[in-house]
Each structure stands twice: as C-alpha cells, then as structure tokens.
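Asker: Take a look at the following structure, please.
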Amino acid sequence: MDGVITRFAPSPTGYLHLGHAYSAWCAFDFAQRHGGRFLLRIEDIDTVRCRPEYTEAIFADLAWLGFYWPEPVRQQSQHMVTYGDALVQLQDLGLLYPCFCTRKSIQQEIANANRAPHGPDGPLYPGRCRALSMAERMERLHEGQSHALRLDVGRALELLGGVPLHWVDGEQGVEITATPEIFGDVVLARKESPTSYHLAVTLDDHVQGISHVVRGEDLRQATHLHRLLQALLGLRTPIYHHHPLLTDEQGKRYAKRDKSLTLRALRAEGVSAEAIMQRVRSGATLLA
Ligand code: GLU
C-alpha cells in the first residue's frame, strides 16, 4: 500500500488510559505494517475542558510506551482560522443557519412533539430556527442574540444533487453508503467554541494527508457526517478502520473518569510499559 499515513488524535481533557493506548497502537501498528507514517494530533478545540498539562501528559505517556511520531505535532487550537474559513465556505453555499434555541427550549420542543427522531447523539434538532424568515434571522442577529451555527443537512444533500456518497470500510473491504442525515442539523460552531469536532477533524485529516483513519468503533457513525463535509468542502476521503473498543475484565469500556486505570496511575503502581503494551497487543484484533 502506497503512502499510508495514520494518526492518533486524542483530546487533552484528562489522562490517557489503556483504551487510548490501544487506539494509538492500532493506528501505529497499521502504519508500521504498511511502511507508512504515524502522526499524533492534539484535538484541543474545547477551551473549557482541555488543559495544557494533559497535552504534556499525552506526549510523555505515549513516548514512555515506545510510540514515536514526527514533529511538529498539529494542535487544533492553533488552526482556528482554517476552521473559520471552512465555515465561511459553507455559509457562502447557503448551508448554515443561525440557531437561537437554548438546550432547554430544544428539550421542551422535543418533549411536546408527537414523534422525536433520534440519531447517534440523541434526539435530532427539530428545526425551529431552520424555518425562521430571513427578516427575523437578521433582526435577532442584529440584536446580538447568542446563537450557534447549524448545518442544513437537507439542503446540503440537495446541493449534491441527491447523488449518494460513499466511504470505504477498510476492515470489511466494503463500500458504505453515507447517511449523514442520521445526525440531523448538527451544530458546527458556537460562540464559546468556534468550530466543532466534526469540522476540525475532517479538515485536519485532509490537511495532514491522512490515508487511513484508524479510530474507535464509537466514531463509526460520525464517519457518515465527515463524508458529507468532505463532499461539501472538496476534501479527500480517507479509508476508515473502526477498531473495537478495549474493555476491562467486566466488559466495560475504559473511560477518562476511571482514574485508577490511567497510564499514569498504572506506571505509578510499578506496571511496566512492556506489560501495558503486551495487554494492548493481546486485546488487539489485527487489521487487514
Ligand atoms: N479527538 C477524538 C477523541 O479523543 C478522536 C477523533 C478521531 O479519532 O477522529 O475522541
């Protein structure tokens, strides 16, 4: 396979745990086996939850386990202008609208509705602000009302002429038809976070020339939406591998809140890097 580039893209909102080590290893091992390159990327767009000390810990913990990657490491917080430009591109296509709804008003509307379609992240946005007249939109914007920017998924699909989009599931070697509408009109930007995970990750995979996105099964559904953003913004579509999530002895997913299972905590208890990597490799399903 030519020019394989994979990446591990953690968010520095806590210390890494065994599940992260496994995910990093899946991407690292895939690149190694195909004579490719493995990149590390820091996804720190959430200025409230991300902390520099967690970023430092990511570097230290991964290096301790024996991972290596080229410098400089891309940190999303330094590329807000790129994400902002992409938002303007979508805006110019007429695909974004301001949404003035609060979380509470959305919940209320859903509770009052006869049917509330659900997507991978919960109930879909019912679309109240999509239906606002241009005059009302302008007036509320003019008044400085706080708002998010949502993607009008229906209009986006229409713009693409109703031609179905596809992405390749590298693991199964099959082409999957993208169904981005399962998310409804997603938020792509808010005042306090001027870009969303979906937009930043899709752009970065393109900018960094990622050929194979190797990431957890929990992000499989997001790939449908990422495929739509690629089509709208003229970005390349990598091949996707979604690895199973490493679980503990009880079959429970590792989570950042399990402080005792962070790589730091295990190291402090005297567990060696080699022992952790053995655990990680044995929990691994080999990717083709
Ligand atoms: N930053 C995401 C996370 O920590 C992963 C993004 C991805 O691999 O696409 O869950």
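Asker: Given all pairs of different Cα atoms, what value in angstroms does the Kirkwood hydrodynamic radius of the stretch 140-203 take?
Answerer: Roughly 14.1 Å, rounded to one decimal.
Asker: How tilted is helix 197-207 with respect to the longest principal axis of the chain? Cα atoms for both, answer in degrees (0 to 90, nearest 10).
Answerer: Taking Cα atoms only, the helix is inclined about 60 degrees.
Asker: In addition: For the stretch 143-150, in order, what is each residue's ³J(HN,Hα) by Karplus, 6.51 cos²θ - 1.76 cosθ + 1.60 with θ = phi - 60°, in whole Hz (x at glycine and Pro)?
Answerer: 6, x, 5, 5, 8, 10, 10, 10
Asker: Amide H neighbours of ALA189 under 5 Å, at least 5 residues apart or on other chains, H built in the peptide plane: list them.
Answerer: LEU149
Asker: Treating the beta-carbon of each Lys and Arg as +1 and of each Asp and Glu as -1, no other charges, what is the dipole magnitude of the stretch 231-271 about its Cα centre, to the nearest 20 debye?
Answerer: My answer is approximately 200 debye.
Asker: Under the Kirkwood approximation applied to all pairs of distinct alpha-carbon atoms, what is the hydrodynamic radius of the chain in Å?
Answerer: 20.5
Asker: Determine the calculated [θ] at 222 nm for the chain from helices alone, applying -39500 (n - 2.57) to every DSSP H run no shorter than 4 residues and normalising by the residue count; nearest 500 deg cm²/dmol.
Answerer: -11500 deg cm²/dmol, from helical runs alone.
Asker: Rounded to the nearest 20 Debye, what is the dipole magnitude of the chain about its Cα centre when Lys and Arg each give +1 and Asp and Glu each give -1 at the C-beta?
Answerer: With only Lys, Arg, Asp and Glu charged at Cβ, the dipole is about 440 debye.
Asker: Still on this model: For the stretch 186-288, run through the GluC sites (Glu not before Pro) and keep only the ones in DSSP coil with at most 13 other Cβ atoms within 10 Å of their Cβ.
Answerer: Those that pass, being in a loop and sparsely packed, are GLU192, GLU249, GLU269.
Asker: Now for a separate question. Relative to the longest principal Cα axis of the chain, at what angle does helix 80-92 sit, 0 to 90 degrees, rounded to 10?
Answerer: That helix lies at roughly 40 degrees to the long axis.
Asker: Rounded, prolate or oblate: which one fits the stretch 86-163, using the alpha carbon gyration tensor with axes a ≥ b ≥ c (rounded when a/c is under 1.5, else prolate when a/b beats b/c, else oblate)?
Answerer: oblate
Asker: Take the Cα atoms of the stretch 207-260, build their convex hull, and give its volume per residue in Å³. All intermediate terms of the calculation are to be shown ahead of the outcome.
Answerer: Working: hull volume 5.9 nm³, N = 54.
About 110 Å³ per residue, rounded to a whole number.
Asker: Relative to the longest principal axis of the C-alpha atoms of the chain, give the angle of the C-alpha long axis of helix 18-33, reported between 0 and 90° and rounded to the nearest 10°.
Answerer: Long axis of 18-33 versus the principal axis of the chain: about 80 degrees.
Asker: If you average 1/r over all unlike Cα pairs in the stretch 1-151 and invert the result, what Kirkwood radius do you get in angstrom?
Answerer: By the Kirkwood definition, the hydrodynamic radius is 19.0 Å.
Asker: Something else: Quick query: amide H of ARG37 versus all other amide H atoms, modeled in the peptide plane; which residues come in under 5 Å with a sequence gap of 5 or more or a different chain?
Answerer: When sequence neighbours closer than 5 places are left aside, the close amide H contacts are VAL4, ILE5, THR6.
Asker: Now, a different point. What size of dipole, in debye to the nearest 20, comes out for the stretch 26-106 about its Cα centre when the only charges are +1 on Lys and Arg C-beta atoms and -1 on Asp and Glu C-beta atoms?
Answerer: Here the size comes out at about 260 debye.
Asker: Quickly work out the ARG267-to-ARG253 label distance, labels modelled 7 Å from Cα along the C-beta direction, and quote it in nm with one decimal.
Answerer: Each label point lies 7 Å from its Cα, and together they span 2.5 nm.
Asker: Give me, ordered by chain and number, the residues 5 or more places off HIS17 or on other chains with an amide H under 5 Å from its own placed amide H.
Answerer: LEU263
Asker: Nearest 5 is fine: what % of DSSP beta bridges in the stretch 1-152 come out antiparallel, could you say?
Answerer: So the antiparallel bridges amount to about 50 percent of the total.
No value in this document is a laboratory result; all are computed from the given coordinates. No experiment lies behind these values; they were computed from the predicted model shown. With ideal geometry, Cβ positions are generated from the backbone for all residues, glycine too; neighbour counts draw on all protein chains shown.
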